[in-house]
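Reading through the structure tokens given below for one structure.
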Amino acid sequence: MSAKEKNFCGICESIELIGKNKHRFFVAELETGYIILGDRQYFRGYTVFLCKKHVTELHLLEKNFREKYFKELCFVSEAVYNCFLPHKLNYEILGNIYPHLHCHIFPRYPDDPGFKDPVWFKVSELAKSDKHIPGEDELQFLKNILLTELEKTKGIYIVNKVRF
């Protein structure tokens with residue numbers, strides 16, 4: 001494995017694309033992170049909150065930044081919940097593939113196949129299929145409703161948002 005491959009981070013690459021206005025799933029930039037929609041919308045409203053700082057663990061964030069990150073994560077979660085009205089939200093902070101702090105937010109619905117199972121039982125299967133990759137119209141719709149809900153939130157500062 002080359003040094004470049006060892007140091008590759010898919011999250012840092014996503015953040016770089018956002019900075020160039022080339023990330024297809026980008027919704028908004030907050031003070032501590034970036035909101036993107038998941039590239040496969042099997043769980044409608046699947047969203048990821050990418051931390052601006054390249055750290056592997058929550059406890060490695062400076063205390064004030066960490067508290068702000070969690071506050072913003074709560075705002076993002078509430079917006080996802082209000083937009084998509086799931087039965088429950090599932091949260092995942094892993095980092096086994098890309099060791100850069102990020103949180104997956106999965107809306108779950110009672111009619112999901114395997115509703116009581118962890119999302120990853122389905123995700124590995126879905127990663128092999130393009131069936132749930134949203135088309136442009138659907139993607140713009142999802143971005144718009146999520147951004148509209150975020151803009152209603154008091155106490156959140158949107159630094160930058162998707163340009164339509």
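Going by what's in this entry, would Lys53 be described as of a type outside the set (Val, Ile, Thr), within 24 Å of Ile156 (Cβ to Cβ) and in a loop (DSSP other than H, G, I, E, B)?
Working: of a type outside the set (Val, Ile, Thr): yes; within 24 Å of Ile156 (Cβ to Cβ): yes; in a loop (DSSP other than H, G, I, E, B): yes.
Yes: the conditions hold for Lys53.
Checking Asn64 against (1) at pLDDT 90 or above; (2) part of a loop (DSSP other than H, G, I, E, B), which test does it fail?
Condition (2) is where Asn64 drops out.
Scan the range 14-40 for residues that are over 10 Å from the mean Cα position of the chain (by Cα), buried (at least 20 other Cβ atoms within 10 Å of the Cβ) and in a loop (DSSP other than H, G, I, E, B) and jot them down.
Correct list: Leu30, Thr32.
Just to be sure before I move on: is Tyr81 surrounded by 20 or more Cβ atoms within 10 Å (Cβ to Cβ), modelled with pLDDT of 95 or more and assigned to a helix (DSSP H, G or I) in the structure I sent?
Numbers: surrounded by 20 or more Cβ atoms within 10 Å (Cβ to Cβ): no; modelled with pLDDT of 95 or more: yes; assigned to a helix (DSSP H, G or I): yes.
Considered against the rule, which asks whether it is surrounded by 20 or more Cβ atoms within 10 Å (Cβ to Cβ), modelled with pLDDT of 95 or more and assigned to a helix (DSSP H, G or I), Tyr81 comes out as no.
Do you know which residues across the range 99-113 are closer than 17 Å to Phe49 by Cα and assigned to a loop (DSSP other than H, G, I, E, B)?
Pro99, His100, Leu101, listed by residue number.
Could you grab me the full set of residues in the range 134-150 that are in contact with a helix residue (DSSP H, G or I) (Cβ under 9 Å, 6 or more places away or on another chain) and assigned to a helix (DSSP H, G or I)? Steps first, please.
Going through the range 134-150, the residues in contact with a helix residue (DSSP H, G or I) (Cβ under 9 Å, 6 or more places away or on another chain) turn out to be 134, 142, 145-150.
Those that are in contact with a helix residue (DSSP H, G or I) (Cβ under 9 Å, 6 or more places away or on another chain) and assigned to a helix (DSSP H, G or I): Leu142, Ile145, Leu146, Leu147, Thr148, Glu149, Leu150.
Of the residues that sit in the range 33-89 and are in contact (Cβ under 8 Å) with a residue 40 or more places away in the chain and of a type in the set (Ser, Thr, Tyr), which one is nearest to Ile18 (Cα to Cα)?
Per the criteria, the residue is Thr47.
Checking Lys143 against (1) within 19 Å of Lys22 (Cα to Cα); (2) in contact with a Ser or Thr (Cβ under 8 Å, 6 or more places away or on another chain), only one condition comes out false. Which one?
For Lys143, the exception is condition (2).
Within the range 113-145, can you find the residues that are within 16 Å of the chain's Cα centre (by Cα) and farther than 14 Å from Phe43 by Cβ?
Answer for the range 113-145, where residues must be within 16 Å of the chain's Cα centre (by Cα) and farther than 14 Å from Phe43 by Cβ: Leu139, Gln140, Lys143, Asn144, Ile145.
When Leu150 is evaluated against the numbered criteria (1) exposed (fewer than 14 other Cβ atoms within 10 Å of the Cβ); (2) at pLDDT 85 or above, which criterion, by number, is the only one it fails?
Status for Leu150: all satisfied but (1).
Here is a check on your reading of the model: is Glu72 surrounded by 15 or more Cβ atoms within 10 Å (Cβ to Cβ) and among the acidic types (Asp, Glu)?
Numbers: surrounded by 15 or more Cβ atoms within 10 Å (Cβ to Cβ): yes; among the acidic types (Asp, Glu): yes.
Against the criterion (surrounded by 15 or more Cβ atoms within 10 Å (Cβ to Cβ) and among the acidic types (Asp, Glu)), Glu72 qualifies.
Would you point out the residue of the range 85-134, among those that are surrounded by 14 or more Cβ atoms within 10 Å (Cβ to Cβ) and β-branched (Val, Ile, Thr), that is modelled with the highest pLDDT?
Looking at the filtered set, the residue picked out is Ile105.
The values are calculated or read from the model by the stated rules, or taken from the named source; none is laboratory data. Computed from a prediction, not measured in an experiment: that's the story for all the values here. FYI the Cβ positions are ideal-geometry reconstructions off the backbone, even for glycines, and counts take in every protein chain you see.
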